[in-house]
Amino acid sequence: MPGFDRRTAQRYVLGDLGLEINGVWHDTIDISKRSVAIVAQQGVDYAAPRVQARFVSGGVAELNREVLTLHVIGLRRSRVILDYTVADKDWEALLRQHDVNDEQIVNNAFG
């Protein structure tokens with residue numbers, strides 16, 4: 001059950017990661033290896049059967065990834081939660097490495 005997976009999965013916050021859906025930029029709120037929460041944009045049909053999507057990062061090129069599948073698992077006011085897949089077996093390690101809430105990254109930046 002995707003909703004349950006989202007609640008139990010490790011989630012990461014990446015300050016420089018966006019999700020482009022059919023050419024429309026979306027800020028990410030948080031992301032796990034299988035789902036992402038984004039800020040909703042007017043006029044985007046998130047339930048459309050065919051969408052083109054990709055993760056985009058201006059600061060970390062290795063985060064730029066095509067999204068293979070994308071499905072809505074939740075809608076709340078200005079937030080959309082999507083189940084997704086990318087073709088990268090090390091995707092979660094990459095997310096973890098760039099998580100702005102990671103204590104090691106914070107300590108290195110300010111310590």
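Considering the range 37-86, and only residues there that are within 15 Å of the chain's Cα centre (by Cα) and charged (D, E, K, R), the residue that is nearest to H98 (Cα to Cα) turns out to be E62. Output the number of the condition that Y46 fails; it satisfies all remaining conditions of (1) surrounded by fewer than 17 Cβ atoms within 10 Å (Cβ to Cβ); (2) part of a loop (DSSP other than H, G, I, E, B). So the condition that Y46 fails would be (1). The residues of the range 7-26 that are surrounded by fewer than 17 Cβ atoms within 10 Å (Cβ to Cβ) and within 16 Å of V86 (Cα to Cα) amount to a single one, E20. Taken together, the residues in the range 49-76 that are aliphatic (A, V, I, L, M) and assigned to a strand (DSSP E or B) amount to 6.
One line per residue, one yes/no per condition, for (1) at pLDDT 95 or above; (2) within 19 Å of Y12 (Cα to Cα); (3) loosely packed, with under 14 Cβ neighbours inside 10 Å; (4) of a type outside the set (A, V, I, L, M, F, W, C):
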| residue | (1), (2), (3), (4) |
| --- | --- |
| T28 | yes, yes, no, yes |
| S32 | yes, yes, no, yes |
| V36 | yes, yes, no, no |
| R76 | no, no, yes, yes |
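The values are calculated or read from the model by the stated rules, or taken from the named source; none is laboratory data. Quantities reported herein were computed from a predicted structural model and do not represent experimental measurements. Reconstructed Cβ throughout: ideal geometry from the backbone, glycine too, with neighbour counts over all protein chains shown.
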